[in-house]
Each structure stands twice: as C-alpha cells, then as structure tokens.
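Below: the structure, in structure tokens.
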Amino acid sequence: MDIEMLRDFCLQFPDVEEGFPFGPDTLVFKVKGKIFLLTGLDNDPLQFNVKCNPEKAEALRESYPSVLPGYHMNKKHWNTIVVDGTTSSRLLKEWITDSYNLVAKIKK
C-alpha cells in the first residue's frame, strides 16, 4: 500500500472528508467531523494512525511488529501502523475500516 492507495481506500467510505488541519505535511481523514486516520506525507515507509478499541489495540501491538502505540495520540485508543511490507493489504484495510466504523459509530 502506498499513499495514493491509502487515500483512495479512505475516500471510498461514506461522508469522508480529507484535509490538512495540522499543516501541509499531515493528511487527515474525517467522518462526521472526527478523525479516523492521519498520516504524515514525508514518512518512509508509509505510516498512519488509526483508532482502535483498546483491547484490540493492545492485542495487535503484541501480535504485529508493524503496529505501535499511536504516535502523538492517545495510546489507549490509537495505533500507528508502519507499512513495511510485513502486514497484508487485507489487514491494513481491515484496520482502517475498523477505525472508520468506530468513529462513524457503525456497528458490524
């Protein structure tokens, strides 16, 4: 996954807005006015922060080296995902979808 694939995936969800509220280097995706994903445009490899239920957030960090506590975020509710090739695109998309659903309050 690269930045364009990430952007395209995020924008396919209903009612998503993208912007740069923290400056030109941080792309933010919101639903209902609340952030569900943000990413630094200068990160190499690509990294992004997503919201996660606290129990799952901790379990993901223990299971995947590419999942870290959310950088500059509430570490109880946010994970930073490093897109370093060790995690499948399917899982990356699942975690983004989970974040969107948590923020949009969509039940599975």
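Summary table
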| quantity | calculated |
| --- | --- |
| Residue list for the stretch 3-45, filter: more than 12 Å from the chain's Cα centre (by Cα), among the charged types (D, E, K, R) and in a strand (DSSP E or B) | 17, 18, 34 |
| Of residues in the stretch 87-108 being in contact (Cβ under 8 Å) with a residue 40 or more places away in the chain and small (Gly, Ala, Ser), the one nearest to residue 3 (Cα to Cα) | 89 |
| Checking residue 99 against (1) assigned to a loop (DSSP other than H, G, I, E, B); (2) hydroxyl-bearing (Ser, Thr, Tyr); (3) under 12 Å from the mean Cα position of the chain (by Cα), the condition it does not meet | (1) |
| Some residue of the stretch 72-81 being part of a helix (DSSP H, G or I) and under 13 Å from the mean Cα position of the chain (by Cα) | no |
| Boolean, residue 91 is hydrophobic (A, V, I, L, M, F, W, C) and closer than 16 Å to residue 34 by Cβ | no |
| Enumeration of residues in the stretch 22-35 that are among the basic types (Lys, Arg) and surrounded by 13 or more Cβ atoms within 10 Å (Cβ to Cβ) | 30 |
| Selected residue (criterion: surrounded by the most Cβ atoms within 10 Å (Cβ to Cβ)) from residues of the stretch 36-45 that are of a type outside the set (Phe, Trp, Tyr) and under 23 Å from residue 104 (Cβ atoms) | 37 |
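Readers should treat all values here as calculations from the given coordinates under stated rules, not as data from a laboratory. Model, not experiment: these values are computed from the prediction. Using ideal geometry, Cβ is built from the backbone for each residue, glycine included, and neighbour counts are taken over all protein chains shown.
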